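Taking it in order: structure first as structure tokens, then the write-up.
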Amino acid sequence: MDIVNTFATILARPDLWAGTLRFAAPLTLAALGGVISERSGVVNIAMEGMMLVGAFFAVLVGAATHDIVLATLASVLCGGLIATFHGVASIHLRANQIVSGMAINLFALGLTSFLMFRFYATSGTPSDIPALPDVNIPVINSIPFVGAVIGDLNSIVWVSILAVPVTWWFLFRTRIGLRIRAVGEHPRAADTLGVSVFRMRYLCVILSGLFSGLGGAYLALSVAHSFSDNMTSGAGFIALAAMIFGKWHPVGAFLACLLFGFGQSLGINLQGTGFPDQLVAATPYVLTVVALAGFVGRAVAPAADGVPYEVGE
Amino acid sequence: MTALVSPTAPATIPSATPYLQMRGITKAFGTLLANDHVDLTVRDREIHAVVGENGAGKTTLMNILYGLIHPDSGDIVIDGSPVRIRGPRDAIAAGIGMVHQHFQLVPVMTVAENVVLGQEPGGVVIDRRAAVRQVGELSERFGLVVDPTARVETLPVGVQQRVELLKILYRGSRLLVFDEPTAVLTPQETDELFEILRGLVAGGKTVILITHKLNEVMAISERVTVLRQGRNAGELETAKTSPAEIARAMVGREVLLRVERDEPHIGEERLRLDGLKANSDRQLPALDGIDLTVRSGEIVGIAGVSGNGQLELAEVIAGLRPVTDGHVFLGGEDVAHQATAERRVHGLAYIPEDRQARGLVLPFDVKDNLILGSQSRPPFAQRGQRNSEAVEERARELIRRYDIRPPDPEAPAESLSGGNQQKVVVARELAENPKVLVAAEPARGLDVGATEFIHRQLIEQRDHGLAILLISSELDEIFSLSDSIAVIYRGRIVEVVPSAAADRERIGLLMAGGTIEGGTPSASQVAQAAASLATEPPGTPPPREAGSPGQAGPQ
């Protein structure tokens, strides 16, 4: 009954739950970006690359300016810029969106490795880069357990949580959200009513880049406080899985991210307990496969997801 | 269908001022001139029909009017002032609304959302209550009954069309364009639509109706513009013209609206179905003991409301659907459990209901489509090798004989018009001198000229001794081609009569199952069948087979 006891102890640790939220934050940001992009009809598997680029430029600009706002802004904008490439390829040039997304992931990996070598070849990234601030909530802070879980989280964790209802509201309550969803479901119908399919899709793809870039900034300026090659290590793909797991819905995607975050946090907390932590470290990936294997029931993508729109046919 | 009612009284035409003028519209797609200096003049508050065969340029012209296609040259004048229409937004602003042939609706969204899309009430946030209210008011004002909060995908086709109409009324359009609106409607829904159109015109709207159905033109329009091969081919007053004259303008020659045929020379039995049973895709009994014989030199028409087993019957004979019980005798041999290829060797040919999905391999070129099914037999294959010369030769011969256009053996089948695609199917199926032909909806979706051609081929083959089983949901087609008519209802042949002795009313009633059974799906079928007849149903329904218990009919 040793294992049961071990797990009981771990589940009672506030660290486990705070970790869940921390690990979920970058996934949530990327997944929400994915939801927005795919709701408009553009398949986006490039969150990984966008996060990686965002992470690198957060460190680069942070090291140069020592300004956290500039560093964060740089990562967000770089994410958006990379996303624009995906937009041009998949909207104007009507390229295969999977191929374009994969190309961006590979390009981002190569680019950041190259720039990393170029700027910080021997020494690694500097340690005097600014950090994203934590949010210390006075009263809650002193509540036992709860205080340890949410009393001292990073600002971006809160941003990612707030982004969930905001994204939902944006997609399902605003005029522009209705148009976005119409474009993702039946672009021609939207076009015949004078809604610009291209404008909506560019907007959404770029938004997904901004979200992913912010996720990258969080990884570099809070979690790792540095940049290293391929530091996202699949987070963008887990976010992709979360988006599908969550059935292209902001709340669903968030819950999926929490689940994956829990898996990662559990892996960390099991270290040193004698439980094979490699196995636990694999948990999020196993969950991903289970999720994608239809365990969640049939997930229905937006009808025009991944289908380039051709005017005048 | 309320066929050939007189057009709306000329008194409703208030003035002769043109509301819309399209002048010298020209548009080329590659080398094809889709519109070649086309003029269209539509008067204020009239129902104006634009007719032409498939590919005559009707839809191109309307897409230009709506800004979906940009013309190479030409002007558009609305209410006396020239307008430039660069996109749907401009068209909407100019008061033009279009009900597209393929509905432009987002299935997962509600009626209200679909209607207000692009012009949503509210600020940043949609005022959803206002949207529902406005759509509700609109539907009430124009008598278009529909629930604004229903999801579009849950609505029947006829209701979806009302949603399309609400979309353009919501935008305050004055000129309403309907592109082939009746193609997806039952006869009853068509009548309802026409009532709505008349109401709209009375309310100050102007209507353009794109169609190739002549009875609709006669029934509802005041004037007709005829297009042929991208050019103007006539502008006619409906009251002063006839279907024959319009058809002549459309096709460019005299058209036989009735098929001429001689007495059949009936020979030996070719196809016999004996107690045939089969299931539907959902594994429910679809054929419930079909007994039927088709002999050499005759056409047997299967009349019935869609969904009573016709589709399954064709597939079972063709070998595409397993037989659960009974026999299929082809030239005396039971082929019920033989593969399709073996049946073809026994002389079976099959024109499938869906030529694009079943009849052709669309990306393949015409010559390969013309030998499908015979590709591994001599002369097209010799010792496992393809004989390109023989394939070419066959293609050239059939293209000439069936007048397939363009006459290019290398053209991909998908680049052909519907009529020419069907010619490819018919040419191939008749090429190997079959003994039995199963023709399912052979003229579906075809224009006057192509329909006439296909029908002539069928009659000619029958005169040469082919046994033809014709399945059609168009009662007119059944009556004009068949030598005897078999009525199918719920997977059973309820009656077989020589067509000379067949009575439309009686056939229609049999199609509907003879009596209305409470609470069964047949109620709507009765309505459909009754609507497809011009006259009132007679009093006494035949008792046979109607409502026999224990039948799970096809749904």
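None of B:VAL345, B:VAL259 is surrounded by fewer than 19 Cβ atoms within 10 Å (Cβ to Cβ), over 25 Å from B:GLU495 (Cα atoms) and β-branched (Val, Ile, Thr) except B:VAL345. Among the residues in region B:35-54, are any surrounded by fewer than 21 Cβ atoms within 10 Å (Cβ to Cβ), under 24 Å from the mean Cα position of the chain (by Cα) and in a loop (DSSP other than H, G, I, E, B)? The answer is yes, given that some residue of region B:35-54 is surrounded by fewer than 21 Cβ atoms within 10 Å (Cβ to Cβ), under 24 Å from the mean Cα position of the chain (by Cα) and in a loop (DSSP other than H, G, I, E, B).
Counting only helices (runs of 4 or more DSSP H) that fall entirely inside region A:108-206 and contain at least 2 residues that are within 14 Å of chain B (Cβ to nearest Cβ), the qualifying elements are A:155-173, A:175-185, A:187-192.
Has region B:191-200 got at least one residue that is among the small types (Gly, Ala, Ser), buried (at least 20 other Cβ atoms within 10 Å of the Cβ), assigned to a helix (DSSP H, G or I) and in the same structural domain as B:LEU68 (by TED's automatic domain parsing)? Can you show your working first?
Pass one, region B:191-200, residues among the small types (Gly, Ala, Ser): B:199.
With buried (at least 20 other Cβ atoms within 10 Å of the Cβ) added as a condition, the list becomes none.
For region B:191-200, residues among the small types (Gly, Ala, Ser), buried (at least 20 other Cβ atoms within 10 Å of the Cβ), assigned to a helix (DSSP H, G or I) and in the same structural domain as B:LEU68 (by TED's automatic domain parsing): absent.
A count restricted to region B:145-168 and to residues that are aliphatic (A, V, I, L, M) and crowded, with 20+ Cβ neighbours inside 10 Å stands at 6.
Among the residues that make up region A:120-138, is at least one of them of a type in the set (D, E, K, R) and free of Cβ contacts under 8 Å to residues at least 24 places away in the same chain? The answer is yes, given that some residue of region A:120-138 is of a type in the set (D, E, K, R) and free of Cβ contacts under 8 Å to residues at least 24 places away in the same chain.
Checking each residue in region B:396-425 for being assigned to a helix (DSSP H, G or I), farther than 16 Å from B:GLU353 by Cα, out of contact with any strand residue (DSSP E or B) (no Cβ under 9 Å at 6 or more places or on another chain) and among the aliphatic types (A, V, I, L, M) picks out B:LEU398, B:ILE399. Would you say B:PHE178 is touching a strand residue (DSSP E or B) at 6+ places or on another chain (Cβ under 6 Å), modelled with pLDDT of 85 or more and aromatic (Phe, Trp, Tyr)? So B:PHE178 fits the description; yes.
Number of residues in region B:69-103 that are in a loop (DSSP other than H, G, I, E, B) and of a type outside the set (S, T, N, Q): the value is 15.
When B:ARG128, B:ARG133, B:ARG174 are checked against the criterion of being surrounded by fewer than 23 Cβ atoms within 10 Å (Cβ to Cβ) and over 26 Å from A:TRP168 (Cα atoms), B:ARG174 stands alone in meeting it. Selection of region B:104-135 for residues being at the interface with another protein chain (Cβ under 10 Å from one of its Cβ atoms) and outside any loop (DSSP other than H, G, I, E, B) yields B:GLU113, B:ASN114, B:VAL115, B:VAL116, B:GLY122, B:VAL125, B:ILE126, B:ARG128, B:ALA131.
Reported count of residues in region B:336-365, each being within 14 Å of B:ALA314 (Cα to Cα) and in a loop (DSSP other than H, G, I, E, B), is 4.
For A:MET231, the conditions (1) surrounded by fewer than 24 Cβ atoms within 10 Å (Cβ to Cβ); (2) aliphatic (A, V, I, L, M); (3) in a helix (DSSP H, G or I) all hold with the exception of (3).
Going through (1) farther than 25 Å from B:LEU214 by Cα; (2) touching an Asp or Glu at 6+ places or on another chain (Cβ under 9 Å); (3) more than 8 Å from chain A (Cβ to nearest Cβ); (4) buried (at least 19 other Cβ atoms within 10 Å of the Cβ) one by one, B:GLY57 falls short only on (1). Screening region B:250-321 for strands (runs of 3 or more DSSP E) wholly inside it with 1 or more residues that are touching a Ser or Thr at 6+ places or on another chain (Cβ under 6 Å), within 19 Å of B:ILE507 (Cα to Cα) and of a type in the set (A, V, I, L, M, F, W, C) returns the ranges B:299-303.
For region B:81-97, what are the residues that are under 28 Å from the mean Cα position of the chain (by Cα) and at the interface with chain A (Cβ under 7 Å from one of its Cβ atoms)? Selection gives B:PRO88 alone.
Of all residues in region B:140-173, those being within 28 Å of the chain's Cα centre (by Cα) and assigned to a helix (DSSP H, G or I) number 16.
Examine region B:510-533 for a residue that is at pLDDT 75 or above and of a type outside the set (Val, Ile, Thr), and state whether such a residue exists.
Within region B:510-533, one or more residues are at pLDDT 75 or above and of a type outside the set (Val, Ile, Thr).
Exactly one residue out of A:GLY267, A:GLY272, A:GLY263 is of a type outside the set (Lys, Arg) and in a loop (DSSP other than H, G, I, E, B): that is A:GLY272.
The values are calculated or read from the model by the stated rules, or taken from the named source; none is laboratory data. Quantities reported herein were computed from a predicted structural model and do not represent experimental measurements. Note that we place each Cβ from the backbone using ideal geometry, even for glycine, and neighbour counts take in every protein chain shown.
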